[in-house]
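The values are calculated or read from the model by the stated rules, or taken from the named source; none is laboratory data. The structure displayed is predicted, hence computed values, not measured ones. Glycine gets a Cβ as well: all are built from the backbone with ideal geometry, and neighbour counts include every protein chain shown. Side chains are part of the model used for accessible areas, which takes the heavy atoms of the whole protein and leaves out ligands, DNA and RNA. Shrake-Rupley method; radii C 1.70, N 1.55, O 1.52, S 1.80 Å.
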Amino acid sequence: MARKFTVYDPAEDLTSAEAIAVFLTEAFRTEDAGYIAHALGVVARAKGMAEIAGRTGLSRVQLYRSFSSTGNPRLKTILAVLSALGVELSARPPARRSPRSQRQIKRAA
């Protein structure tokens, strides 16, 4: 008997503010800009891209493009989407810095 597989869409499980916060927190912990952008796109789809577009003043096409696998959203776009999602971005010192983030800090200095 052949097995039938379905595609999992994490947007289907992001039904509460808490679930969204956990999902985005984990994305930020990866320190991978592409994955973070992807995660923001998933959350925007979960909330409804048309609704997020209306709240941000950006077009749906622009949002889809920004958060696509080849997209590179501007900080202004990211902040607008986070605000539309009702999510705050905050900074705190890490419990322990990864070797990768230490290299990035040294390069930025």
Inset, instruction - Mind listing whichever residues of the range 58-90 are under 18 Å from ASP32 (Cβ atoms), without any contact (Cβ under 8 Å) to a residue 24 or more places away in the chain and open to solvent by 100 Å² or more (accessible area, probe 1.4 Å)? - result: THR70, ARG74, LEU75
Legend entry - Selection from the range 29-45 of residues that are within 8 Å of the chain's Cα centre (by Cα) and open to solvent by 50 Å² or more (accessible area, probe 1.4 Å): TYR35, HIS38
Inset, instruction - Kindly indicate whether any position in the range 47-68 is under 30 Å from PRO93 (Cβ atoms), in contact with a helix residue (DSSP H, G or I) (Cβ under 7 Å, 6 or more places away or on another chain), in a loop (DSSP other than H, G, I, E, B) and not acidic (Asp, Glu). - result: yes
Legend entry - Selection status of PRO94, in contact (Cβ under 8 Å) with a residue 24 or more places away in the chain and either surrounded by 10 or more Cβ atoms within 10 Å (Cβ to Cβ) or more than 14 Å from the chain's Cα centre (by Cα) (or both): no
Inset, instruction - Please work out which residue is surrounded by the most Cβ atoms within 10 Å (Cβ to Cβ), limiting yourself to the range 1-23 and to residues that are β-branched (Val, Ile, Thr) and in a helix (DSSP H, G or I). - result: ILE20
Legend entry - Meets criteria (part of a helix (DSSP H, G or I), more than 13 Å from the chain's Cα centre (by Cα) and surrounded by fewer than 13 Cβ atoms within 10 Å (Cβ to Cβ)) for GLU26: no
